[in-house]
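Heads up: the structure comes next, in structure tokens.
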Amino acid sequence: MQLRTGPGWIRRSLRPERPASPGDFPAWGRLSEGAAIPLADSGVGSRNVGMTERVPLDFPRLRDDEMCARAGEFRETMAQRRTVRDFSPDPIPEGVVEACLEAAGRAPSGANQQPWHFAVVRDAKVKRRIREAAEEEEREFYESRAPQEWLDALAHLGTDAEKPFLETAPALSAIFQKNQIAAPSGEPVKTYYPTESVGIATGFLIAALHQAGLATLTHTPSPKKFLNEILGRPSTEKPVLLLVVGFPEVGCEVPAISKLPWEEIASFH
Ligand code: IYR
């Protein structure tokens with residue numbers, strides 16, 4: 001049984017509640033043969049208070065060859081990911097973004113505080129307001145705020161203050177970082193490693209959207225406080241970035257950039 005102990009806080013009773021099999025309880029899904037994972041807010045992963053119950057870990061141990069195959073397949077999938085700036089207005093099938101957000105919400109976080117909020121915008125009028133506010137910031141950035149060194153570093157991307165994709169793309173996800181959350185008493189408590197946690201969850205989200213067949217752009221107008229106002233988010237939440245989500249425009253081109261070989265980004269000790 002779940003006990004609500006305060007706004008957004010859930011405490012699990014100490015009696016384990018595992019379903020007999022994944023099919024017996026719709027909130028549980030199959031990760032792979034024999035591995036049941038809780039998908040919805042079943043208490044596992046929510047904001048527990050105090051020491052929680054322990055449950056056995058479902059961890060399917062793969063054969064060595066399958067591990068290699070899967071690692072290679074994921075590498076190929078991720079190698080296909082490109083940041084897109086020209087979006088088609090094609091709508092995203094129902095449920096895709098929602099499932100990807102659920103995947104993002106499975107990211108690890110400091111003290112499992114899950115210090116993130118993803119505000120998804122699909123309404124044309126709200127997208128327009130965001131575009132107008134973002135372009136105002138961007139004009140200042142490109143005309144005066146950005147040092148020449150920064151503009152030089154960006155030159156190869158061909159970006160400017162015009163952000164039509166903020167209206168063309170079918171969805172935007174504004175990602176907010178919570179530097180504090182409410183304790184069961186209602187008192188604000190500090191979150192730990194919120195920047196790292198939100199970065200990891202954002203990575204999960206980008207990977208999930210990509211493997212679901214969607215393109216993204218990590219857009220970072222600066223400053224972004226206008227997002228709190230337009231989306232009605234509290235001032236305690238820091239807007240981190242705007243993820244633009246959709247399909248590339250037909251004939252979309254991307255800069256011919258390359259990624260460093262893995263030998264250059266990793267070392268073994
Ligand atoms: N926010 C600006 C500038 C910009 C900054 C970085 I760092 C980029 O990788 C790309 C663009 C813009 O969105 O145009």
Legend entry - Counted charge near D160, where neighbours are those whose Cβ lies closer than 15 Å (Asp, Glu -1; Lys, Arg +1): -4
Inset, instruction - Would you calculate the separation in nanometres between label points at A79 and Q180, each defined as 7 Å from the Cα along the Cα-to-beta-carbon direction? - result: 4.8
Inset, instruction - Sort M67, M51, M78 from largest to smallest accessible area, using a 1.4 Å probe on the heavy atoms of the protein chains. - result: M51, M67, M78
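To the nearest whole percent, what portion of all C-alpha pairs in the stretch 84-148 is separated by more than 14 angstrom?
Working: 1569 of 2080 pairs.
In whole percent, the long-distance tail amounts to 75.
Give me the one-decimal Kirkwood hydrodynamic radius in Å for the stretch 36-175, with the sum taken over alpha-carbon pairs. Could the numbers behind the result be given before it?
Working: mean 1/r = 0.0511 Å⁻¹.
Every distinct Cα pair counted, the radius reaches 19.6 Å.
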Legend entry - Residues of type aspartates and glutamates that K238 reaches as a straight line, Cα spacing below 13 Å, ignoring anything fewer than 8 places off in the same chain: E229
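Report the extension gain between V120 and A146 in nm, rounded to one decimal, defined as 0.36 nm multiplied by the number of residues separating them, less their alpha carbon distance. Walk me through the numbers before you get to the answer.
Details: separation 26, 0.36 × 26 = 9.36 nm, distance 2.86 nm.
Value of the extension gain: 6.5 nm.
Compute the length gained on full extension between K225 and M51: take 0.36 nm times their separation in residues and subtract their Cα-Cα distance, giving the result in nm to one decimal.
Numbers: separation 174, 0.36 × 174 = 62.64 nm, distance 3.68 nm.
Extra length from K225 to M51 when fully extended: 59.0 nm.
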Inset, instruction - Step through the table entries K178/K259; K125/K259; K125/K178, compare each Cα-Cα distance with 30 Å, and write down the pairs that go over it. - result: K178/K259; K125/K259
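Decide, for the stretch 215-269, between rounded, prolate and oblate: order the square roots of the alpha carbon gyration tensor eigenvalues as a ≥ b ≥ c, take rounded if a/c falls under 1.5, and otherwise choose prolate if a/b is larger than b/c, else oblate.
Numbers: a/c = 3.57, a/b = 1.48, b/c = 2.41.
Oblate.
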Inset, instruction - For the stretch 159-269, compute Rh as the Kirkwood radius over C-alpha pairs and then the Stokes-Einstein diffusion coefficient at 25 °C and 0.890 mPa s; write the answer in µm²/s, rounded to an integer. - result: 147
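Would you please give the FRET efficiency between S88 and E187, computed as 1/(1 + (r/R0)^6) with r the Cβ-Cβ distance and R0 = 45 Å, to the nearest 0.05? Could you put the intermediate results ahead of the total?
Details: r = 47 Å, r/R0 = 1.04.
E(calc), rounded to 0.05, equals 0.45.
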Inset, instruction - Name the aspartates and glutamates eligible as straight-distance cross-link partners of K190: C-alpha to C-alpha under 17 Å, and not fewer than 8 places from it in the same chain. - result: E237
Legend entry - Qualifying GluC sites (Glu not before Pro) in the stretch 64-97, DSSP loop, other Cβ atoms within 10 Å at most 16: E94
Inset, instruction - With a 1.4 Å probe and every protein chain left in place, tell me how much accessible area F204 has, in Å² to the nearest 10. - result: 80
Inset, instruction - Would you kindly find the accessible area of D64, with a 1.4 Å probe and non-protein molecules such as ligands, DNA and RNA excluded, rounding to the nearest 10 Å²? - result: 110
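Using the alpha carbons of the stretch 160-206, what is the convex hull volume per residue in cubic angstrom, as a whole number?
On the way: hull volume 6.6 nm³, N = 47.
In the stretch 160-206, the Cα convex hull volume per residue is 140 Å³.
Extension gain R139-A212, at 0.36 nm per residue separation less the Cα-Cα distance, in nm? Intermediate results must be reported in sequence, preceding the final value.
Values: separation 73, 0.36 × 73 = 26.28 nm, distance 3.36 nm.
Value of the extension gain: 22.9 nm.
The values are calculated or read from the model by the stated rules, or taken from the named source; none is laboratory data. Please read these numbers as outputs of a predicted model, since none were measured by experiment. FYI the Cβ positions are ideal-geometry reconstructions off the backbone, even for glycines, and counts take in every protein chain you see. Keep in mind that these areas ignore ligands, DNA and RNA; they rest on the heavy atoms of the full protein, side chains included. Shrake-Rupley method; radii C 1.70, N 1.55, O 1.52, S 1.80 Å.
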